[in-house]
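Computed from the coordinates by the stated procedures, all read-outs in this text should not be read as laboratory data. Every value quoted in this text rests on a predicted model; they were computed, and no experiment measured them. Virtual Cβ from ideal backbone geometry, glycine too; neighbours counted across all protein chains shown.
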Amino acid sequence: MKKLCELIPDGIRTCAIAGHVNPDGDCVGSVTAVWQYIKKYRPEIDVTLYLEKPAEELMFLPGMEEAVAEVPADERKDLFISCDVSSVDRIGVAGNLFRAAARRVCIDHHVSNPGFADVNVIDADASSCAEVLCGMIDDHELTKQIADSLYTGIVHDSGVFQYANTRPATLREAARLMEKGADCSRIIDDSFNMRSFRKQRMLGRALAKSRLLLDGQVIMTCITDEEMKAEGADKRDLDGVVAEMRYTEGTKAAVFFYQTGPDEFKVSFRSSSDLDVSEVAAAFGGGGHVKAAGCTLAGPLEESIAKVTDALAGYLEQADAAL
Ligand SMILES: [Mn+2]
């Protein structure tokens, strides 16, 4: 695997780092690790981190206070590094900088990533983009603060080492980060387990109105704009809903719809069986991983639910037939 230092050649003067829209813990952990790496080891480079504001509990990572959340002016950076971004249209605020950049690097772990940059380091078997980065940073370069960022990324995407994407290498890299002084239990508690009261209320609402579909094989729920307004919540307060739904006895998949526009819903899928939800999401123009994927649907809610249910019925039949 290529080392991070090899991807930043001599002569680079300006660099943009960016993650995906609606950044999660892996995204924030990965971009802040790369940001700190460049600040420390390549101080001559003018580096800017472009990222939407994530959930409050991820703001503790170094670099987040300086992250730029607005669409930048059209400029040409010498180097653009994207982390945890599966396709060009998922690059958050800095999409125009990606297109204009002289040299583009993509570091990722999404199986659906086509390798959209000039240099691509993609390991679809890694739990997280942060785990990919661990393999790109040598021991002597790994500071305590970089270890904190990478540990946050691994912990969030692996659900604290419990999802199926956790492999022996994930635990080995986590052990290495612990040896470098990463604040392990504090990171797990403060950034992963702890939820605001508002978040707990949204989870409660989502679970209370959930229903079983397809003879109990699928659990589904939805949250509308109106319900978010009623709790003073936004989409960031919905993180974790679909993961929690997955723990419903007898179900093979969980599906969560939440409103993103007047007639637009984001759909998150989780699989707890052989069903590959990245295929289901891809059928609607989305993508993701085998066990966790998403897409966006336009149209009235009940229509979208019916479409997704039909698709799921087909894929579940196929999965059963393959056994
Ligand atoms: Mn990720």
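Tabulated data for the structure shown
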| read-out | value |
| --- | --- |
| Of all DSSP beta bridges in segment 1-126, antiparallel share, percent nearest 5 | 5 percent |
| Expected-Rg normalisation [2.2 N^0.38 Å, Cα atoms] applied to segment 157-270 | 1.24 |
| Hypothetical label at His140: residues of segment 155-191 whose amide nitrogen lies under 20 Å (7 Å Cα-Cβ projection) | 176-177, 179-181 |
| Value of [θ]222 nm, deg cm²/dmol, for the chain, DSSP H segments ≥ 4, -39500 (n - 2.57) each, nearest 500 | -10000 deg cm²/dmol |
| Per-residue ³J(HN,Hα) for segment 231-238, Karplus 6.51 cos²θ - 1.76 cosθ + 1.60, θ = phi - 60°, Hz, x for Gly and Pro | 9, x, 9, 10, 4, 5, 7, 9 |
| Chain lengthening between Val71 and Ile45 when straightened (0.36 nm per residue, less Cα-Cα) | 7.3 nm |
| Of Lys39/Lys266; Lys53/Lys199; Lys209/Lys307; Lys144/Lys229; Lys180/Lys266, pairs whose Cα-Cα distance is over 28 Å | Lys39/Lys266; Lys144/Lys229; Lys180/Lys266 |
| Built amide H within the under 5 Å cut-off of Ser112, gap 5+ | Gly288 |
| DSSP beta bridge pairing in the chain, given as percent antiparallel to the nearest 5 | 45 percent |
| Cα gyration tensor category, rounded, prolate or oblate, for the chain with a/c compared to 1.5 | prolate |
| Among Asn193, Ser273, Thr251 - extreme Cα towards positive end, dipole of segment 192-276, charges at beta-carbon | Asn193 |
| Peptides 110-118, 1-9 ordered by average Cβ neighbours within 10 Å, highest first | 110-118, 1-9 |
